[in-house]
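The values are calculated or read from the model by the stated rules, or taken from the named source; none is laboratory data. Just so you know, these numbers come straight off a predicted model, no measurement behind them. Glycine gets a Cβ as well: all are built from the backbone with ideal geometry, and neighbour counts include every protein chain shown.
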């Protein structure tokens, strides 16, 4: 019998049965129906599986579910409330999403930055997103999306 | 007063599937789950060449619960149907490369699949493998392009001969979404495949041959695709075939998703190349005779290599005018996984060589790099290497001037010269000018004979039906823009159907920078045909307002049911190509560009950094400024990776660094600000005047960056990828 883990995902309570070493990524995708979080490499290099764990930016492919017990998790599905968040709108406006597969991870990594720095400059944004690989955009329009996000929130 | 709908082409309209992508709602293949799914895996060869002696199944695994497929289970032909029928879907006894598929297994439980997979033992009788493509004597394809009389120029005493050899390495496409499909198959219902792919009809063709089924018993549906770059052009046929065979045998839908390690090791990469240039120039640097020997490593099977070679061959002489040209090219067999399509498709390799060589000629003759190019540029009315007369307005000097100005070339080159005398960080600027042909080569588009349709919906809106896929580049958005302008209806009234071979006509593959220019034009024509039918029905007046169009369409649907408009490709009259002589109009149109890289080289660590990049191009009318800019910046970044970071390490024919830890692509801190400038010369046969754009930006960065490094250090480097250790070796050898 697999143990039960309780956690709060995007503000909603979940109780999941899983092997303690099962990846948070798989639990989110397969048990919680939250397929917005993507797997790009499975070894913590690409950031496609980025989520916030108690507010900290983590690669969910490297987090065993046991480590997320009792935690609050934020995934891309939790970014929009009734309407899109300012950051999401800014991604649409600046062409921050092309194929879209890295986008959920990028949005989460950018949200983590925007929590500590409301108006980050280009350099700060580039550093904050260095753990998230994108093969389509060359990053420039993603960086502009994040830099420009505060304008959307007005 | 007549209400006008603002033109959609040229405007930044919202990306059609943008919202789904920023909310996480977009469904990629691995996001689709069903309770009855089985999970598949591919068992692959561990040797480069040999034959299978024995396969052992570990008795500790409950094999009765598994579905196991071998080549014997294939109902039709054991080939991946593409150009030649030489590549088996599953090896029977002969092994031609590492990671060649041998067996397939499936089980309802994914963990069981992972466990079982590792226990299967295959014994081989190994044979000698050919791993060095320069030593291979098995030629898959060769071409010869001839113009004028090269030999008599080389015999002249008053010419200077400049010779050099250039090398490029393999490159992994590295789309962030791995390859994957779900297949459902039975002899009663036929075969249905959903998956991540660029070309649904390629998969359709391959499945028909594999199962010996008629057209209507095979259905292929593209799901949201997380990047392709050519890497999902031909290989999805293999994966779809594997999943379908498992589904056919086990009676359940089968999901087959590669992990990153398998995707990198087993699927196609950009062809490694070697290019020899021998050029005769006069004292002013005017090209008098150009001789090019272009060689590609094809890997173990033919796959798309002949077509990649063709494009590389045609682009090999660059955007220059020379009366005497000979290009000889070959693609040869080695025992590595087949190399395949990657954005640029042979052109980045041969253009790397010619653009490096132009800088070499400039040094030999003693003129500046920009000047040597200016003296040799093709102009309107001039003839390319394949004797194609440039008919459109062409001003390469104008493009170059724009790039020189934007990059502050002259001032910075002078400044860096002084700076480099005293600093351990050496700075330099380098240039590349180039071209990229849009659409299939020569008679390719005529043979393809692409078809598209548009249909009117009950709501009075338009749905575009094509097989061309949205893979991040903006297909959905630009097709809707084209229809919007053709019918003068709002962009929001147009949607683009999910490519599904049961629903959409075969508009050809999503490759070769053809989606916008070739298929976009067909979409425009199909929309106008639909409008014509509405007018003929008497329900719509000519030049009616959008609301009248919508009303007429709704009425038509109520009265008559379906309303569709169709279009099929017609070769423009100006395109004439001779397949035998390899001469004539290779492409309907070329995009043209001048790129400049500014670099810093640390002479302690030998790290090279691109500090700024200028990309000036003429791509016809720009359909969507933001998407087009995104194409250029993204392509340039892949080109930076190609030049400075991305090395495939080969060990006995297998990729040894098949992980993102060891195969390095540029990150957000490795990429500079990229200045993108478009000059627009509308090309009448393209929709709204557009030409192709997708591949162009990968052609220029690598030679521009290496030319910049040479400018910074004063040493010559003729191979990519150029990692710090490579540059160190070059510099040490030069001492």
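Quick notes on this structure:
- Restricting segment B:200-212 to residues that are more than 20 Å from residue B:29 (Cα to Cα) and in contact with a strand residue (DSSP E or B) (Cβ under 6 Å, 6 or more places away or on another chain), the residue that is surrounded by the fewest Cβ atoms within 10 Å (Cβ to Cβ): B:208
- Residue B:303 vs. criteria surrounded by 24 or more Cβ atoms within 10 Å (Cβ to Cβ), at pLDDT 95 or above and either assigned to a strand (DSSP E or B) or at negative phi (or both): no
- Within segment B:650-678, if we keep just the residues that are surrounded by fewer than 17 Cβ atoms within 10 Å (Cβ to Cβ) and free of Cβ contacts under 8 Å to residues at least 12 places away in the same chain, the residue that is farthest from the other protein chains (Cβ to nearest Cβ) turns out to be B:651.
- Where residue A:91 falls short, out of the listed (1) under 19 Å from residue B:176 (Cβ atoms); (2) outside any helix (DSSP H, G or I): (2)
- Sub-9 Å Cβ pairs linking a first residue in segment B:39-58 that is assigned by TED's automatic domain parsing to the domain that holds residue B:255 and under 19 Å from residue B:249 (Cβ atoms) to a second residue that is crowded, with 19+ Cβ neighbours inside 10 Å and at pLDDT below 95, at least 6 apart or interchain, number zero.
- The requirement of being part of a loop (DSSP other than H, G, I, E, B), buried (at least 20 other Cβ atoms within 10 Å of the Cβ), facing another protein chain (nearest Cβ under 9 Å) and at pLDDT 95 or above is satisfied by residue A:133.
- Residue within segment B:80-95 that is part of a strand (DSSP E or B), within 26 Å of residue B:238 (Cα to Cα) and away from chain A (no Cβ under 14 Å) present: yes
- Criterion violated by residue A:65 - all others in (1) under 13 Å from the mean Cα position of the chain (by Cα); (2) more than 8 Å from chain B (Cβ to nearest Cβ); (3) crowded, with 22+ Cβ neighbours inside 10 Å satisfied: (1)
- For segment A:35-48, filtering for residues that are closer than 14 Å to residue B:22 by Cα and either more than 9 Å from chain B (Cβ to nearest Cβ) or surrounded by 24 or more Cβ atoms within 10 Å (Cβ to Cβ) (or both) leaves 4.
- Subset of segment B:4-24 (residues that are more than 11 Å from every other protein chain (Cβ to nearest Cβ) and not in a loop (DSSP other than H, G, I, E, B)): none
- Those strands (runs of 3 or more DSSP E) lying entirely in segment B:451-531 with at least 3 residues away from every other protein chain (no Cβ under 14 Å) and farther than 27 Å from residue B:629 by Cα: B:451-456
- Residue list for segment A:81-110, filter: touching a residue at least 12 places away in the same chain (Cβ under 8 Å), touching a strand residue (DSSP E or B) at 6+ places or on another chain (Cβ under 8 Å) and facing another protein chain (nearest Cβ under 7 Å): A:101, A:104
- Flag if residue B:459 is surrounded by fewer than 16 Cβ atoms within 10 Å (Cβ to Cβ), over 26 Å from the mean Cα position of the chain (by Cα), farther than 25 Å from residue B:521 by Cβ and in contact (Cβ under 8 Å) with a residue 60 or more places away in the chain: yes
- Count of residues meeting criterion [within 14 Å of chain A (Cβ to nearest Cβ), assigned to a strand (DSSP E or B) and closer than 28 Å to residue B:306 by Cα] in segment B:210-261: 1
- Matching residues in segment A:111-130 - criterion: being facing chain B (nearest Cβ under 10 Å) and more than 23 Å from residue B:174 (Cβ to Cβ): A:122, A:123
- Boolean, residue B:205 is more than 14 Å from chain A (Cβ to nearest Cβ), touching a residue at least 40 places away in the same chain (Cβ under 8 Å) and under 22 Å from residue B:497 (Cα atoms): yes
- Restricting B:402, B:406, B:356 to those that are in contact with a helix residue (DSSP H, G or I) (Cβ under 7 Å, 6 or more places away or on another chain) and in a helix (DSSP H, G or I) reduces the list to B:356.
- Some residue of segment B:25-32 being in a loop (DSSP other than H, G, I, E, B), within 30 Å of residue B:448 (Cα to Cα), within 14 Å of chain A (Cβ to nearest Cβ) and in contact with a strand residue (DSSP E or B) (Cβ under 7 Å, 6 or more places away or on another chain): no
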